[in-house]
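The values are calculated or read from the model by the stated rules, or taken from the named source; none is laboratory data. Everything numeric in this text was worked out from a predicted model, so none of it was measured. Because the Cβ atoms are built from the backbone with ideal geometry, glycine has one as well, and the counts that use them run over all protein chains shown. Ligands, DNA and RNA are stripped out before the accessible areas are found, and what is left, the full protein with its side chains, is counted by its heavy atoms. Shrake-Rupley method; radii C 1.70, N 1.55, O 1.52, S 1.80 Å.
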Amino acid sequence: MGTTFNVVVLSLFISSLLFSVVTASSDGLVRIGLKKMKLDPNNHLASQLESKEREALIESMKKYRFRTNLGDSEDMDIVALKNYMDAQYYGEIGVGTPPQNFTVIFDTGSSNLWVPSSKCYFSISCYFHSKYKASESKTYKKNGKSAAIHYGTGAISGFFSYDHVQVGDLVVEDQQFIEATKEPGLTFLVAKFDGILGLGFKEISVGNAVPVWYNMIKQGLIKDPVFSFWLNRNVGEEVGGEIVFGGVDPNHYRGKHTYVPVTQKGYWQFDMGDVLIGDKPSGYCAGGCAAIADSGTSLLAGPTTVIAMINHEIGASGVVSQECKAVVQQYGQTIVDLLLAEKEPKKICSQIGLCTFDGVRGVSMGIESVVEESNSKSSGFRDTAMCPACEMAVVWMQNQLRQNQTQDIILRYVNQLCDRMPSPMGESAVDCKSLASMPTVSFTIGDKVFELGPEEYILKVGEGPQAQCISGFTALDVPPPRGPLWILGDVFMGRYHTVFDFGEPRVGFAEAA
């Protein structure tokens with residue numbers, strides 16, 4: 001859950017939520033039908049928003065958080081999801097007895113449940129969302145322990161309480177959750193959801209609270225410890241998608257799922273192979289990368305090195321990196337020569353003095369910025385950007401050498417990639433008229449290659465000449481040993497039906513139907 005380019009901001013406020021309808025279908029599945037919120041691009045409140053509010057809208061589409069401590073149809077429970085701009089999928093739950101309704105994001109990238117509290121007095125966000133009133137619930141139990149969750153793009157704080165939580169037709173008893181009393185900033189103000197229901201592992205649960213999903217299993221509410229996501233990427237359709245607890249709906253996918261084991265509990269993390277741009281391997285993840293399937297992140301995030309390569313191929317515009325260009329200008333030819341001499345790529349940046357080699361990779365050693373020197377602004381400050389810029393340049397040049405490109409073409413290509421570096425907030429804009437010429441971008445998971453076409457990785461905001469297109473790829477650099485890490489958010493999960501198997505544990509992907 002920022003951007004420096006202008007976007008068409010849609011209606012942020014509505015007079016009332018459309019009601020939900022609970023129906024029982026012939027296959028024994030309980031479905032909660034939710035109508036899609038009608039979006040009004042001509043809303044006057046939206047049109048008066050300044051640039052910070054526009055940034056917050058795009059920021060709410062993303063959500064990165066990294067902590068250092070991190071069956072049978074009748075046995076399933078299904079919650080329908082709303083779809084907001086193909087960027088936020090949310091459904092309705094009830095908290096308390098009688099249930100107080102809240103819209104929440106079902107988030108596989110976190111593990112806590114939180115909703116706004118009636119005791120939230122000083123955050124303006126709380127006044128535009130439903131608030132939990134403990135005094136109106138017969139099953140409320142006091143806890144009072146303080147709690148705070150820090151996301152990559154915002155934070156909430158409050159205190160723990162216990163109450164019954166209704167998800168579909170299931171009632172989870174005595175569920176520990178957070179009553180949020182502070183929701184600072186604009187991120188949660190513009191969000192279409194009230195709170196978040198985390199579906200990650202207990203290992204990343206704030207306060208060591210038992211997640212809702214764990215209690216569903218412990219209390220015998222579902223037979224199989226499996227849940228699955230179907231996200232409908234058609235903005236024009238009423239149904240935004242479904243999450244199925246206790247199994248998989250065969251109507252939501254084609255073929256068979258490709259399963260990969262969870263390699264580290266906390267997030268739903270697994271090993272991923274190389275990333276292909278068009279039909280050409282990038283080479284960056286040839287030796288393997290870590291990835292997580294995260295329903296709470298709208299975009300698809302990955303290391304800047306590869307995101308810049310993708311941006312170059314799809315024509316996305318970013319912000320020029322002076323450090324990147326300085327490395328190419330001063331050391332580009334040397335790097336090419338060392339690669340041609342078959343020197344070990346991981347050691348090249350340390351050999352030319354821009355990094356130190358720690359046995360696995362190059363790390364910053366406090367090299368003074370060439371840019372600072374040229375601008376006569378050096379005052380003892382040691383810049384650390386040259387090392388990662390060099391590491392990226394080595395990967396890019398390696399990629400071009402594999403394609404037998406000439407040295408002149410390689411250096412020109414790397415300079416172009418410097419121009420495609422994402423903006424400081426991570427987003428890049430593309431020309432909506434160029435979608436047909438954009439390449440596929442593919443991810444190797446298990447023994448299968450999963451493709452994404454431009455119609456799937458580009459988010460289009462608005463229609464006609466006012467339409468603007470946003471690249472679904474955003475940069476996120478997570479250092480080893482946790483990274484390099486890819487976050488396969490809704491951009492990926494919209495194309496591929498995703499199964500989260502808690503029993504194995506493993507994650508499965510199949511083409512969505």
Could you check segment 470-501 and list, in sequence order, the residues that are surrounded by fewer than 20 Cβ atoms within 10 Å (Cβ to Cβ), of a type outside the set (D, E, K, R) and either more than 17 Å from the chain's Cα centre (by Cα) or more than 26 Å from PHE227 (Cβ to Cβ) (or both)? PRO479, PRO480, PRO481, GLY483
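Please go through segment 172-197 and pick out each residue that is of a type in the set (Gly, Ala, Ser) and either open to solvent by 30 Å² or more (accessible area, probe 1.4 Å) or modelled with pLDDT under 95 (or both). First the steps, then the outcome.
Of all residues in segment 172-197, those of a type in the set (Gly, Ala, Ser) come to 180, 185, 191, 195.
Across segment 172-197, the qualifying residues are GLY185, ALA191, GLY195.
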Selection from segment 263-288 of residues that are within 11 Å of TRP486 (Cα to Cα) and either touching a helix residue (DSSP H, G or I) at 6+ places or on another chain (Cβ under 9 Å) or of a type in the set (Lys, Arg) (or both): VAL275, CYS285
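Of the residues that sit in segment 405-428 and are part of a loop (DSSP other than H, G, I, E, B) and at pLDDT 90 or above, which one is surrounded by the most Cβ atoms within 10 Å (Cβ to Cβ)?
Step one: of segment 405-428, the residues part of a loop (DSSP other than H, G, I, E, B) are 405-406, 420-428.
Adding the requirement that they be at pLDDT 90 or above leaves 405-406.
Values: GLN405: 15, THR406: 9.
Filtering segment 405-428 for residues that are part of a loop (DSSP other than H, G, I, E, B) and at pLDDT 90 or above, the one surrounded by the most Cβ atoms within 10 Å (Cβ to Cβ) comes out as GLN405.
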Are there any pairs, at least 6 apart or on different chains, whose C-beta atoms fall under 6 Å, with the first in segment 303-314 and more than 12 Å from PRO439 (Cβ to Cβ) and the second assigned to a helix (DSSP H, G or I), and if so, which? THR305/MET392; THR305/VAL395; ALA308/LEU417
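Being crowded, with 21+ Cβ neighbours inside 10 Å, touching a helix residue (DSSP H, G or I) at 6+ places or on another chain (Cβ under 6 Å) and not in a strand (DSSP E or B) is the requirement here; does VAL306 meet it?
Working: crowded, with 21+ Cβ neighbours inside 10 Å: yes; touching a helix residue (DSSP H, G or I) at 6+ places or on another chain (Cβ under 6 Å): no; not in a strand (DSSP E or B): yes.
It is false that VAL306 is crowded, with 21+ Cβ neighbours inside 10 Å, touching a helix residue (DSSP H, G or I) at 6+ places or on another chain (Cβ under 6 Å) and not in a strand (DSSP E or B).
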If LEU231 passes every condition in (1) of a type outside the set (Val, Ile, Thr); (2) at negative phi; (3) open to solvent by 20 Å² or more (accessible area, probe 1.4 Å) but one, which one does it miss? (3)
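Looking only at segment 429-445, which residues are among the hydrophobic types (A, V, I, L, M, F, W, C) and at pLDDT below 90? Give the steps one after another, and end with the answer.
Residues of segment 429-445 that are among the hydrophobic types (A, V, I, L, M, F, W, C), as a first pass: 429-430, 432, 435-436, 438, 441, 443, 445.
Across segment 429-445, the qualifying residues are ALA429, VAL430, CYS432.
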Every residue from segment 234-250 that is crowded, with 17+ Cβ neighbours inside 10 Å and either of a type in the set (A, V, I, L, M) or closer than 19 Å to PHE160 by Cβ (or both): VAL239, ILE243, VAL244, VAL248
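Within segment 464-477, is there a residue that is among the hydroxyl-bearing types (Ser, Thr, Tyr) and part of a helix (DSSP H, G or I)?
Here is the first cut: in segment 464-477, the residues among the hydroxyl-bearing types (Ser, Thr, Tyr) are 471, 474.
Filter once more, so that each one left must be part of a helix (DSSP H, G or I): none.
No: segment 464-477 contains no residue that is among the hydroxyl-bearing types (Ser, Thr, Tyr) and part of a helix (DSSP H, G or I).
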Considering residues that are among the aliphatic types (A, V, I, L, M), under 24 Å from THR297 (Cβ atoms) and either in contact with a Cys (Cβ under 6 Å, 6 or more places away or on another chain) or modelled with pLDDT of 95 or more (or both), the number found within segment 95-136 is 2
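A quick yes/no check of all residues on (1) among the hydrophobic types (A, V, I, L, M, F, W, C); (2) open to solvent by 70 Å² or more (accessible area, probe 1.4 Å); (3) under 12 Å from GLU179 (Cα atoms):
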{"position": "CYS126", "(1), (2), (3)": "yes, no, yes"}
{"position": "HIS129", "(1), (2), (3)": "no, no, no"}
{"position": "SER146", "(1), (2), (3)": "no, yes, yes"}
{"position": "ILE149", "(1), (2), (3)": "yes, no, yes"}
{"position": "SER157", "(1), (2), (3)": "no, no, yes"}
{"position": "PHE160", "(1), (2), (3)": "yes, no, yes"}
{"position": "ASP163", "(1), (2), (3)": "no, no, yes"}
{"position": "GLN166", "(1), (2), (3)": "no, no, no"}
Of all residues in segment 159-170, how many are at pLDDT 95 or above and over 20 Å from ILE149 (Cβ atoms)? 2
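I want to confirm something. Restricting to segment 212-228 and keeping residues that are outside any loop (DSSP other than H, G, I, E, B) and β-branched (Val, Ile, Thr), which single residue is most open to solvent (accessible area, probe 1.4 Å)?
Out of the qualifying residues, it is ILE217.
Does any residue of segment 266-284 turn out to be on the phi > 0 side of the Ramachandran plot, of a type in the set (Gly, Ala, Ser), within 17 Å of the chain's Cα centre (by Cα) and open to solvent by less than 10 Å² (accessible area, probe 1.4 Å)? Walk me through how you get there before you give the answer.
Our first condition is that a residue be on the phi > 0 side of the Ramachandran plot; within segment 266-284, this holds for 266, 278, 283.
If we keep only those that are of a type in the set (Gly, Ala, Ser) as well, we get 266, 278, 283.
Applying the additional criterion that residues be within 17 Å of the chain's Cα centre (by Cα) yields 266.
Pick out the ones that are also open to solvent by less than 10 Å² (accessible area, probe 1.4 Å) and you get 266.
Looking for residues that are on the phi > 0 side of the Ramachandran plot, of a type in the set (Gly, Ala, Ser), within 17 Å of the chain's Cα centre (by Cα) and open to solvent by less than 10 Å² (accessible area, probe 1.4 Å), one finds at least one in segment 266-284, hence yes.
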Neighbours by Cβ (under 6 Å, 6+ apart or cross-chain): first from segment 154-176, closer than 16 Å to PRO211 by Cα; second open to solvent by less than 30 Å² (accessible area, probe 1.4 Å) and of a type in the set (D, E, K, R): PHE159/GLU179; SER161/GLU179; LEU170/ASP77
